[in-house]
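Have a look at the structure below before the remarks.
The values are calculated or read from the model by the stated rules, or taken from the named source; none is laboratory data. Being a predicted model, the structure only gives us computed values, none of them experimental. For neighbour counting, all protein chains shown are included, and Cβ atoms are generated from backbone atoms with ideal geometry for every residue, glycine included.
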């Protein structure tokens, strides 16, 4: 115990009290009275009669005190709330600690409410009015606030600098039936430390509008780190939350066990998610556990910028942008107008979960300049969303991202969408023994994919082993009636497999299926390290709706569609066969057109008057004269430049 | 508000059954002294006198016990202070915010060490500590971690106003072998004014750092520094999870005699640096002074977004992305998975220091959408690194969509060394060059071997400041050693290189190849060469490993690789010489192949039966017939299109 001054000595320090009495009656009218002092420092005990010695059961006094409109400072003592039970608050007190409450400092973490009920998930309070809590500690079991029974919108809830440890949940809402568009009009949730709780902030249900969720530290919780969202299971169908700020939160060491756990989860409209970190989820023994995405979003009109994920999740992505199941094409939360820029996701060698990179299930999204390092499967996947509004995700710009050290695929775009870019990605270190893709467009039996682009990407250091099939670029129509329509430029990509340990089953560009492919131009690509010219570009299956359609191929390095050589027709003959060396692309006719071939005489023709090209096949053409050459050989240079190829 | 009487209060607090007046029961759990301690805790519990009497002896004695003490708005003077190791730390929090020019001249709670200019250490904390809403003045280091040997769980410094002290929090030791010394640091909303150093948390650093909304003004060395130990911090443990947001460091006084001063230094892993500003370092008279970078980072997995610097430092870059000499390729702090996005760096006309732009010494970086405006220095610089360190062959650098602006020359971007997958794409640079040799974009191997898969695409270089015939290479591709090379792919495409408004463009070149090392698969496609009075592409040296290698050039306005015209072989003649007009390249074979030339007769050939092309040179070719023309002139149209060039 510290050494205290006498009251007389204290009075001497307070000029306002120097003329008053400190006897049995308090001066109530003085600017600073002892009652003020008491209320200022120890308001809760002064007003409620709670003891706060950590032993005496204070629940009864506390419960009686509640439902009074009080503003109560809380002293740095421990209130034993043994016996706490559910209570609906018609009026919610404002409780603020007389000092910060944090672990590792003395004494005892400041103002502390101890439920003394480890493991309990029982609900304590159902607020019907706003509540403010600051600089206090809440510990040992139970749910502090539960919004399930709320039927009228609560104007404000503020938690700041609250240290909640070993409780069930500080703020929770599991109900979707009240029919509200939201249950909290304004949530301020800042600088809280949530340690070893069952859930961190779990404001599920009809959610909150105007939410500032900033600077919180969630550590060692079991399910969910930070969640503000409309109702499950289809949150976007059940009202929405507008105006959400998640900034500089750290969620670490989340334990995954049951279903659906996420370090950072936000659903709603008009959201800014910036500078948050999710890290080091604790392995539960199931490497393939799903629905544990590090950052999980169902948002409309959202900026997700500068966030970090490291070994923090498992499932559909380090960063998941969802939108499935929304019923309206606009004005419903989830799945449109996303900016996902400058985020970094890492799966380190020590992590035991499978972690893909970015999951896209929305429309009008700009996904750029992210770094994804070490994803176990894909770097990015656009989901097909069968039957949903977002089945035809439109206007997806996927560009300028790093996808590094991946398990088996760089970018997968599945489904039949409109206007999808997969441009300027750097994809390196795709490793694995199974089938791999660098960038894949696949219609998945959903019809017409329109105006896709695959441009300016670098794919490098493919580590396919044991002859695993690897399609660096893959364009697949799953059903014969599927198609790629409008335009499909595949240009300016660098595909370098020179460091692959086994390229025996590696292909530069694979077309698969028999669906129509329109307006496809393959130009300006670099195919590096391919030793078999038949494996640079291929079409796996002949026939179908693409048969007869033109594929434009020009100016690629590593695909020799512009070849030159020399030839001669010797004296006494009238013909020579030239091997034109066009790549033998499977199921794409390599036969040049007559106008693809140029013959330039390098000597005069004697004995005949004309030379021309004939008998053009997939591999050769003949140069013939109208009579046998005489005098000296007829020499010429030839060039074959075939730019229009036709699907068989 | 209705107050309880003291008697009622006593009744409400059973432990306080002793007489209230005239003396306090010092043994009660809740006493009146506790109550007074709420408002004036530090005086109530520590019995500290106010100025002019020194409070040090009382304060020092009280610090041996744990206590949480509110600080009244009083002035405590600590004359006679000594260093003290704190086995338990106080929680000290002011009752009102502390800022200058409010609350009277004192700024509410004020602790004055009365040691102007002193760097003496006050406290070595062995436990967590919380300081909030107080003012420290009068020299001294408040917290020093030099002697810490066990991790401290937590330090909180919120709302502090530190004026003319040595340092609020410092750590100068690297010897204790800890991976970190502080498990959690909350450093928020502090105002550090005229300190010798701001936050200088050097040494083994801190994990879980919130560094937000601090204002550092007029400090002598370092603004905000959290990092593992120098001189090779990444080898000495690390700090994880760093959030640095919305801080302002201005008017740092950079001393000519001191080494290594920086507004921001951040070392560690998993970091988000968003929305900070560094401004207006105070000039000490050495424009070339180094090691004063405004944002100096040695980070792994980091997002640097939306930060601003103006005249805030000098040295290797406004924004430095370091990682030099790290010993591990993973799990060591520094140098990988950076996003550097949307930052703005400006050297204004008032800035006296040399300030280059972005310094890169790391791997797997996405550097984009930054605006760098400087004078006479580079916009970005990829360092070559020391031979043998992991970053020597940096992989996967995307430098794209940035502005590099100079008002009076310099180089827009330099990539030195032999790296893998390096993009310089989509940047705008303006005002490069100067009175001596200038470069827009330079890639130079610097005798480090093979540079693989580089790209320079889609850049605009404009408003060249080349003067007095200074050599200016808009794009400079250089092998410094004959065994160096550019391998795999090297597209130089879609760039706009405009020197039309250079004061003297007589030595301006569009693309310069220099050295004799191998260059593979280089394609120069779709560039615009504007305003050149010399041939815009040149190869400075013949021979070496690049000799005989093909350079593809096509579709570049300003460089004539395709031309058309008409010609005539007059009656009585059998040949005519055509000047084809193709641009020549020094030290490259610029003569077209026969199949590059197409002759289309526009009249009937009389006299002869055949025409062909011969005597092809870099400037002309002949069209010849097998017999002299009779009756009427033979007229024709010609076209030449050369796309394959060969290095001499």
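For segment A:444-472, name all the residues that are surrounded by fewer than 24 Cβ atoms within 10 Å (Cβ to Cβ) and assigned to a loop (DSSP other than H, G, I, E, B).
Scanning segment A:444-472 gives A:444, A:445, A:446, A:447, A:461, A:465, A:466, A:467, A:468, A:469.
Just wondering, is there one or more residues in segment A:292-305 that are under 15 Å from the mean Cα position of the chain (by Cα), surrounded by fewer than 24 Cβ atoms within 10 Å (Cβ to Cβ) and over 21 Å from residue A:383 (Cβ atoms)?
Yes, segment A:292-305 contains at least one residue that is under 15 Å from the mean Cα position of the chain (by Cα), surrounded by fewer than 24 Cβ atoms within 10 Å (Cβ to Cβ) and over 21 Å from residue A:383 (Cβ atoms).
Could you check segment A:364-373 and list, in sequence order, the residues that are at pLDDT below 95 and surrounded by fewer than 24 Cβ atoms within 10 Å (Cβ to Cβ)?
Within segment A:364-373, just A:364 meets the criteria.
Here is a list of conditions, (1) surrounded by fewer than 20 Cβ atoms within 10 Å (Cβ to Cβ); (2) within 14 Å of chain B (Cβ to nearest Cβ); (3) outside any strand (DSSP E or B), and residue A:54 meets all of them except one; can you say which number that is?
Just one mismatch for residue A:54, condition (3).
Would you check which residues across segment A:516-538 are surrounded by fewer than 22 Cβ atoms within 10 Å (Cβ to Cβ) and in contact with a helix residue (DSSP H, G or I) (Cβ under 7 Å, 6 or more places away or on another chain) and list them?
A:516
What residue, among those in segment A:434-443 that are in a loop (DSSP other than H, G, I, E, B) and under 24 Å from the mean Cα position of the chain (by Cα), is surrounded by the most Cβ atoms within 10 Å (Cβ to Cβ)?
A:443
Kindly establish whether residue A:348 is at pLDDT below 90 and under 21 Å from residue B:365 (Cα atoms).
When the stated conditions are applied, residue A:348 passes them.
Of all residues in segment A:592-627, how many are more than 13 Å from chain B (Cβ to nearest Cβ), out of contact with any helix residue (DSSP H, G or I) (no Cβ under 7 Å at 6 or more places or on another chain), in a loop (DSSP other than H, G, I, E, B) and surrounded by 16 or more Cβ atoms within 10 Å (Cβ to Cβ)?
Qualifying residue count, segment A:592-627: 1.
Specify the residue that is nearest to the other protein chains (Cβ to nearest Cβ); the eligible residues are those in segment A:257-281 that are assigned to a loop (DSSP other than H, G, I, E, B) and buried (at least 24 other Cβ atoms within 10 Å of the Cβ).
A:275
Of the residues B:285, B:268, B:306, B:317, which single one is out of contact with any helix residue (DSSP H, G or I) (no Cβ under 8 Å at 6 or more places or on another chain), more than 14 Å from chain A (Cβ to nearest Cβ) and modelled with pLDDT of 80 or more?
Sole residue among the options that is out of contact with any helix residue (DSSP H, G or I) (no Cβ under 8 Å at 6 or more places or on another chain), more than 14 Å from chain A (Cβ to nearest Cβ) and modelled with pLDDT of 80 or more: B:317.
What is the residue count in segment B:384-411 for residues that are modelled with pLDDT under 90 and surrounded by 24 or more Cβ atoms within 10 Å (Cβ to Cβ)?
Residues in segment B:384-411 being modelled with pLDDT under 90 and surrounded by 24 or more Cβ atoms within 10 Å (Cβ to Cβ): 6 in total.
If I filter segment A:574-581 for residues that are in contact with a helix residue (DSSP H, G or I) (Cβ under 8 Å, 6 or more places away or on another chain) and either under 30 Å from residue A:505 (Cβ atoms) or crowded, with 19+ Cβ neighbours inside 10 Å (or both), do I get at least one hit?
Taking every residue of segment A:574-581 in turn, none turns out to be in contact with a helix residue (DSSP H, G or I) (Cβ under 8 Å, 6 or more places away or on another chain) and either under 30 Å from residue A:505 (Cβ atoms) or crowded, with 19+ Cβ neighbours inside 10 Å (or both).
For segment B:497-598, which strands (runs of 3 or more DSSP E) that fit wholly inside it have 2 or more residues that are surrounded by fewer than 16 Cβ atoms within 10 Å (Cβ to Cβ) and modelled with pLDDT of 95 or more? Walk me through how you get there before you give the answer.
Numbers: elements: B:508-514, B:522-525, B:528-530, B:537-539, B:550-554, B:562-569, B:575-579.
The strands (runs of 3 or more DSSP E) meeting that bar are B:562-569, B:575-579.
Which of the numbered conditions does residue A:19 fail, given that it passes all the others? Conditions: (1) in a loop (DSSP other than H, G, I, E, B); (2) modelled with pLDDT under 70; (3) more than 7 Å from chain B (Cβ to nearest Cβ); (4) within 28 Å of residue B:131 (Cβ to Cβ).
Unmet condition: (4).
If you go through segment A:282-319, how many residues are more than 14 Å from chain B (Cβ to nearest Cβ) and either within 25 Å of residue B:240 (Cβ to Cβ) or in contact with a helix residue (DSSP H, G or I) (Cβ under 6 Å, 6 or more places away or on another chain) (or both)?
Counting residues in segment A:282-319 that are more than 14 Å from chain B (Cβ to nearest Cβ) and either within 25 Å of residue B:240 (Cβ to Cβ) or in contact with a helix residue (DSSP H, G or I) (Cβ under 6 Å, 6 or more places away or on another chain) (or both) gives 15.
Being touching a residue at least 40 places away in the same chain (Cβ under 8 Å), touching a strand residue (DSSP E or B) at 6+ places or on another chain (Cβ under 6 Å) and within 12 Å of another protein chain (Cβ to nearest Cβ) is the filter here; which residues of segment B:576-598 pass it?
B:592, B:596, B:597, B:598, listed by residue number.
Give the residues of segment A:80-129 that are modelled with pLDDT under 85, closer than 17 Å to residue A:172 by Cβ and not in a loop (DSSP other than H, G, I, E, B), sorted by residue number.
Those that are modelled with pLDDT under 85, closer than 17 Å to residue A:172 by Cβ and not in a loop (DSSP other than H, G, I, E, B): none in segment A:80-129.
Taking into account only those residues within segment B:599-632 that are under 17 Å from residue A:634 (Cβ atoms) and part of a loop (DSSP other than H, G, I, E, B), which is nearest to the chain's Cα centre (by Cα)?
Step by step, filter segment B:599-632, then rank; the result is B:610.
What's the number of the condition residue B:97 fails, among (1) touching a residue at least 60 places away in the same chain (Cβ under 8 Å); (2) in contact with a strand residue (DSSP E or B) (Cβ under 7 Å, 6 or more places away or on another chain)?
Tallying (1) touching a residue at least 60 places away in the same chain (Cβ under 8 Å); (2) in contact with a strand residue (DSSP E or B) (Cβ under 7 Å, 6 or more places away or on another chain), residue B:97 fails exactly one: (2).
Taking segment B:88-137, which residues are under 36 Å from the mean Cα position of the chain (by Cα), at pLDDT 80 or above and away from every other protein chain (no Cβ under 14 Å)?
Across segment B:88-137, the qualifying residues are B:116, B:117, B:118, B:119, B:120, B:121, B:122, B:124, B:135, B:136, B:137.
If residue A:499 meets every condition in (1) within 14 Å of another protein chain (Cβ to nearest Cβ); (2) modelled with pLDDT under 95; (3) crowded, with 19+ Cβ neighbours inside 10 Å apart from one, which number is that one?
Residue A:499 satisfies all of (1) within 14 Å of another protein chain (Cβ to nearest Cβ); (2) modelled with pLDDT under 95; (3) crowded, with 19+ Cβ neighbours inside 10 Å except (3).
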